[in-house]
Amino acid sequence: MNIAIISGETSGDLIGGALAREIHLLQPGVVLWGLGSECMRDAGVDVLVDSAGWGVISISQAIAKYPLLRFKVLPVAIKALRERRPDVVVLIDFGAFNRRVAREAKRLRLKVCWYFPPGAAWRRTGTKGANLARITDLLVVPFEWSAERFRGLGANAVNVGHPVIERTLTGVSRREFAELFGLDASRPIIGLLPGSRLHEIEYLLPVLLDAARIIYRSVKDAQFVIGVAPGISRERIAAYLSQDDDLRERLGSAWLEFVREAETRIIRPVTRTANALTGKTQRMLVTVEGLVVPESTLRDRETAGQRSDKLRSAADRALPPIVIVKGATTEVMAHSDVLLTCSGTATLEAAAFETPMVILYRFSKLMELEARLLGLKKRIKMIGLPNILAQKMIVPELIQYDATPENIALHTLTLLNDAETRFEMKKQLHEIRLMMGEPEPALEPLSSCWISRNQLVFN
């Protein structure tokens, strides 16, 4: 059996990877290939073109990516469909691109399954939904009401629950998670998810780090964990911990001397290991240089009278204990007391864990201008998926100029300290969790539709 899986953004790659693993379990000899990234590749998919970095959210970004996707990637995909003739083409989200793939696949008389079509979970299925019915043989959607709408438009639609539910089956306890990354399970853990796109990280992570400084002044035993999305390197995230040219200039030679001494005698780079921030030894701080500094070092230099004011100023501006976690974002969501997350699929996964959160988004001036010209502020009342599904604001959303370090810290401290606010949010997130169905293998409800005596059968 030969199956093509075509995904685009990080969320699609995650879904594609989970789907590929289930297909392998049902049909061990299956050949899987397509477009995706590291999650699909790790699940045994022959990835023809890596999709890392394809994610866009604005017209300007889409225009920038269009030549690559239209004139380089799409011809590769179409050529592969013609030459490999898959038994079924599985499309995952990535609307504009995958519509072209679907139309070409139907011209080649190939079976097409759109596994979670764009917007199926929350938007009204109008003309575009009818078009999807014409270019697909099967639509797989995450909610029964969405399946009913598509069926009303003539589509063969089936509900299998939301795939994020599968990722809630993590077997790692809070204690094990804390031990793995040098944290203290008894102290507050604040998760930071700056996004899966480079522009999201660029605009949001520095604000999150400033918010962490403010929170830490009020909650001295707080611990911060940055969850690194697939396709983003830990080194790229760690680089933001060392960007403060103004501070370096003000500290001058005293700071440079301190860093040189620290590098050779007492300090380990934070990019090397998260365990540098262990609670098993003396408490560490991460400085603006991205280095882990024991507080005793600063105290010793104060005692010796060596530029104590400047070094203490560095300590005041230093970041609180921060761990950079790669490959365990699900565990960060599961075990955070409060999650500060970029808007996107991660918010729905956090809702499945019933983790209190604040949803954030910041973007460029050009994207802001686009939003104004399109009137998006008036048309779109909520951007967080838990809020959209609940059809009310159950999780605070801080967008653009509202997403200041002070506002983020205020909401975080409220969720940490106000039991009533915390309980109410968890209760409403539980309702969202129930809407997503029960955890079960992603493909099992479709096994009768997909594989019967080694042939594909579409009911």
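Bear in mind these aren't lab numbers, they're just calculated from the coordinates by the rules spelled out. For clarity, every value in this text was computed on a predicted model and none was experimentally measured. FYI the Cβ positions are ideal-geometry reconstructions off the backbone, even for glycines, and counts take in every protein chain you see.
Applying both filters, DSSP loop and at most 13 other Cβ atoms within 10 Å, to the trypsin sites (Lys or Arg not before Pro) of the range 202-242 gives 220.
Remark: 40, 425 ranked as 425, 40, counting other beta-carbon atoms within 10 Å and listing the fewest first. Sorted fewest first by neighbouring Cβ atoms within 10 angstrom, 186, 7 come out as 186, 7. For residue 344, the residues whose modelled amide H falls within less than 5 Å of its own, excluding neighbours fewer than 5 places apart on the same chain, are 385. Computed extension gain for residue 427 through residue 50, at 0.36 nm per residue and net of the alpha carbon distance, reaches 131.8 nm.
Taking each of 79/111; 392/427; 326/392; 381/427 in turn, the alpha-carbon distance tops 25 angstrom for 326/392.
Around the amide H of residue 6, modelled in the peptide plane, lie the amide H atoms of 35, 90, 91, 92, all under 5 Å away and 5 or more residues distant in sequence or on another chain. Listed values for the range 196-211 are Karplus-derived 3J(HN,Hα) couplings in whole Hz (6.51 cos²θ - 1.76 cosθ + 1.60, θ = phi - 60°), namely 10, 10, 4, 5, 5, 5, 4, 8, 9, 4, x, 5, 4, 5, 5, 5, and x replaces Gly and Pro.
In what sequence do 104, 424 fall when counting other Cβ within 10 Å, fewest first? Present the calculation step by step, with values, prior to reporting the outcome.
On the way: 104 18, 424 13.
Taking fewest neighbouring Cβ atoms as first place, the list is 424, 104.
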